[in-house]
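Starting off with a structure, shown below.
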Amino acid sequence: MSQSKTAGPVPEDKTAEEEQPRSPREIRLVMFGLVITMLLAMLDNLIVGTAMPTIVGDLGGAEHLSWVVTAYTLATAASTPIWGKLGDMYGRKGTFLTSIVIFLVGSALSGLSQSMNELIGFRALQGLGAGGLMVGVMSIMGALVPPRDRGKYQGMFAAVMALATIGGPLVGGFITDHLSWHWTFYINLPLGVVALAVVIVTLKLPKVRSTAKIDYLGAVLLTAGITSLVLITTWGGQQYAWGSKEILGLAALAAASLIAFCYVEQRVEEPMLPLTLFKNRNFTLVSVIGFIVGFVMFGSTVFLPLYQQIVQGASATNSGLLLMPMMFGMLVVSLVVGQAVTKTGKYRIYPIIGTIVMTGGMILLSTMGTGTSSFTSACWMVVLGAGMGFLMQITMLVAQNSVELKDMGVASSTATLFRTIGGSFGVALFGALFNNRVTDTMKERLGEQAGAGGGVKDPGQMSPAALRKLPENIQDAYHHAVSNGMHTVFLWGAGVAVIAIAAAVFLHEVPLRGTGKGEQPAEASLEAAAV
């Protein structure tokens, strides 16, 4: 299947990366550096989020608080596809190391910030580097390890995700309480230096050169479109009403930018994102599944702790531990599925099972009420986590197996981008549904006494401590309101997850490139998956 109009980047030694076998020891050494880098990428926001109240108290500028997170998220999302393409054109090792250095410089400067404006700017720089961390990890993994053998290592990445989700808030709280908020950024430096050293010494990839010009116009248009989408999901229903001129203007800009991007990409020599990739059925379908996985996962991780703290009375101090059941289910299933894929070379059944289990987990979570025990909710979280465990690594595996090696970076960045954008839309939609249902329930239960949410000025942001200061009847009403909000969120989430089931059913079983005997060559595998 043709992937672009040009031959694209070529290894200088004319030896394809996948033709150079690596020993298990060499791969394990490189994986050590990749795992540390992935941990950096996932820990940062979780650690910083815990320290934000202290940062605001020190630097002031509470009105700009949201931009500390938004600047990082925007820069990460916008730069993700660019890093992927640069890796394909000029070599994965060099671009990966560059992204780590930029991330570390941004971390150091963020820790040195003396004002909120400085912190926002340096967080944007940090996010720019972060956009290349995850893409670099996945594309280098794709270059080093054939898809057939990748399941041996995917458990490590699932473990890192679980560790970051659980440990991030704990580490952030400890640093804030016993050191200072500056160390929430400085902690990245020793980890990053170790990752740099390991990758420099152990990673051996052919040098890559490209005679094609960088698609600057495509990069600008794609960045404008992604930025607009992220701002819509960040600001919509919060800073601005969904029907406001600001949100509608961003929607128009996003549509115009992405339409122009599609036009440009069909006419440049080396497109930033070759649209021909989407002619491959499997690539398109796993992009849809990845979007929905992000939609479900990020939405769940935002609202489940809120329910557990408000309704079930869990402590917010160890908030990362609240998600442990979900992460446990994800980790165990990911490990089992990875080994099974490596052993059999078959994968199509797992996305189908995963999407069904994920949908079932959302339905089960939608049944939670004010009387649901912590044990019961933990069981439902395990089900949801198990569903995502079938999908998290498989979607990346199928995306990478659906393209030629020269497009490995683009495939990795596209899969990551769809998951990120899906998460942004999930949090935005779930947030709007949740807040509306909470407000309506408060008014239903309290009548005229409810006023603006029954004494709750911002229903979606009520903390357990603030709630305890309100009268008992309002507390009871709010418990029911949060339960109803969760019911609405997860029921809608289940409806969206059904789309993923349909997408999974239409996936083709394409032989995984790897060490198994009797496999089709890469080109034949790609043609088998094409529409």
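The values are calculated or read from the model by the stated rules, or taken from the named source; none is laboratory data. Just so we're clear, the structure is a prediction, and the values are computed from it rather than from any experiment. FYI the Cβ positions are ideal-geometry reconstructions off the backbone, even for glycines, and counts take in every protein chain you see. The protein model used for the area step is the full one, side chains on, heavy atoms only, and it has no ligands, DNA or RNA in it. Shrake-Rupley method; radii C 1.70, N 1.55, O 1.52, S 1.80 Å.
Given the condition touching a Pro at 6+ places or on another chain (Cβ under 6 Å), modelled with pLDDT of 85 or more and surrounded by fewer than 24 Cβ atoms within 10 Å (Cβ to Cβ), answer yes or no: does some residue in region 360-382 qualify? So that I can check it myself, show each step before the final result.
Taking region 360-382 and keeping what is touching a Pro at 6+ places or on another chain (Cβ under 6 Å), we get 378, 381-382.
After this cut, where a residue has to be modelled with pLDDT of 85 or more as well, the list is 378, 381-382.
Within this subset, residues satisfying the condition of being surrounded by fewer than 24 Cβ atoms within 10 Å (Cβ to Cβ) are 378, 382.
Scanning region 360-382, I find at least one residue that is touching a Pro at 6+ places or on another chain (Cβ under 6 Å), modelled with pLDDT of 85 or more and surrounded by fewer than 24 Cβ atoms within 10 Å (Cβ to Cβ), so the answer is yes.
When you go through Asp407, Asp440 one by one, which is the residue that is among the charged types (D, E, K, R) and open to solvent by less than 40 Å² (accessible area, probe 1.4 Å)?
Asp407
Now, a different point. Here is a check on your reading of the model: is Ala466 more than 27 Å from Leu364 (Cα to Cα), outside any loop (DSSP other than H, G, I, E, B) and modelled with pLDDT under 90?
On the way: more than 27 Å from Leu364 (Cα to Cα): yes; outside any loop (DSSP other than H, G, I, E, B): yes; modelled with pLDDT under 90: yes.
In short, yes.
Given the conditions (1) at pLDDT 80 or above; (2) closer than 19 Å to Met486 by Cβ; (3) surrounded by fewer than 24 Cβ atoms within 10 Å (Cβ to Cβ), and given that Gly426 satisfies all but one, which numbered condition is not satisfied?
(3)
Can you find, within region 166-186, the residue that is nearest to the chain's Cα centre (by Cα) among those that are open to solvent by 20 Å² or more (accessible area, probe 1.4 Å) and among the hydroxyl-bearing types (Ser, Thr, Tyr)?
Residue satisfying both the conditions and the ranking: Tyr186.
Next up: List, please: which pairs have Cβ atoms under 6 Å, are six or more places apart or on different chains, and start with a residue in region 423-439 that is basic (Lys, Arg) and end with one that is surrounded by fewer than 20 Cβ atoms within 10 Å (Cβ to Cβ) and assigned to a helix (DSSP H, G or I)?
Hits for this filter: Arg437/Thr488.
Out of everything in region 273-283 that is in contact (Cβ under 8 Å) with a residue 24 or more places away in the chain and open to solvent by 10 Å² or more (accessible area, probe 1.4 Å), what residue ends up being nearest to Ile394 (Cα to Cα)?
By that ranking, first place goes to Arg281.
Condition first: open to solvent by 40 Å² or more (accessible area, probe 1.4 Å), β-branched (Val, Ile, Thr) and without any contact (Cβ under 8 Å) to a residue 24 or more places away in the chain. Can you find one or more residues in region 257-269 that meet it? Please lay out each step first, then the result.
Initially, region 257-269 is screened for residues open to solvent by 40 Å² or more (accessible area, probe 1.4 Å), giving 258-259, 262-263, 266-267, 269.
Of the ones still in play, those that are also β-branched (Val, Ile, Thr) are 259.
In the following step, the residues that additionally are without any contact (Cβ under 8 Å) to a residue 24 or more places away in the chain were identified as 259.
Yes, region 257-269 contains a residue that is open to solvent by 40 Å² or more (accessible area, probe 1.4 Å), β-branched (Val, Ile, Thr) and without any contact (Cβ under 8 Å) to a residue 24 or more places away in the chain.
State which residue is modelled with the highest pLDDT when the search covers only region 492-512 and only residues that are under 15 Å from Thr344 (Cβ atoms) and open to solvent by less than 20 Å² (accessible area, probe 1.4 Å).
Applying the filter and picking the extreme gives Val510.
If I filter region 423-432 for residues that are over 22 Å from Thr359 (Cα atoms) and not hydrophobic (A, V, I, L, M, F, W, C), do I get at least one hit?
No; the residues of region 423-432 include none that is over 22 Å from Thr359 (Cα atoms) and not hydrophobic (A, V, I, L, M, F, W, C).
Given the condition outside any helix (DSSP H, G or I) and in contact with a Lys or Arg (Cβ under 9 Å, 6 or more places away or on another chain), answer yes or no: does some residue in region 290-301 qualify?
No, there is no match, as no residue in region 290-301 is outside any helix (DSSP H, G or I) and in contact with a Lys or Arg (Cβ under 9 Å, 6 or more places away or on another chain).
Please pick out the residue among Ile175, Ile120, Ile166 that is of a type outside the set (Lys, Arg), at pLDDT below 80 and in contact with a Phe, Trp or Tyr (Cβ under 6 Å, 6 or more places away or on another chain).
Ile175
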